[in-house]
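What follows draws every value from the coordinates through simple rules; no lab data is involved. Quick caveat: nothing in here was measured; it's all calculated off a predicted structure.
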Amino acid sequence: MRRRSARSGGRSVHTRRTGTPACSPAVRTAGQTQFVLAIVSLGVSIPLTAIGAGIGGLQGLVLVWVGIVLLNFVYGWTHRRP
């Protein structure tokens with residue numbers, strides 16, 4: 001399937017042979033950004049859990065996870081679709 005690029009409003013919009021516009025980059029990146037945040041949060045949570053539990057015990061562990069959950073919740077709440 002061959003794509004061609006057309007200029008529209010200063011942005012590049014890719015269209016297929018049928019002439020119908022493909023998904024806009026803003027629509028694709030909204031879902032991808034949430035997914036990336038979730039993956040990064042899980043990756044960062046492992047060392048932060050070890051550091052928080054090692055230094056602060058159970059309180060440090062709970063504090064780290066409350067922070068991670070709040071970060072993801074606030075991001076999801078502010079970037080929800082209408």
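Using the Karplus equation 6.51 cos²θ - 1.76 cosθ + 1.60 (θ = phi - 60°), what ³J(HN,Hα) coupling, rounded to whole Hz, does each residue of the stretch 67-82 give in order, writing x for Gly and Pro?
Running phi through 6.51 cos²θ - 1.76 cosθ + 1.60 with θ = phi - 60° gives x, 5, 5, 5, 4, 5, 5, 5, 4, x, 5, 7, 10, 7, 7, x Hz.
Rounded, prolate or oblate: which one fits the stretch 24-82, using the alpha carbon gyration tensor with axes a ≥ b ≥ c (rounded when a/c is under 1.5, else prolate when a/b beats b/c, else oblate)? Could you put the intermediate results ahead of the total?
On the way: a/c = 6.59, a/b = 2.43, b/c = 2.71.
Judged from the Cα gyration tensor, the stretch 24-82 comes out oblate (a/c at least 1.5, b/c at or above a/b).
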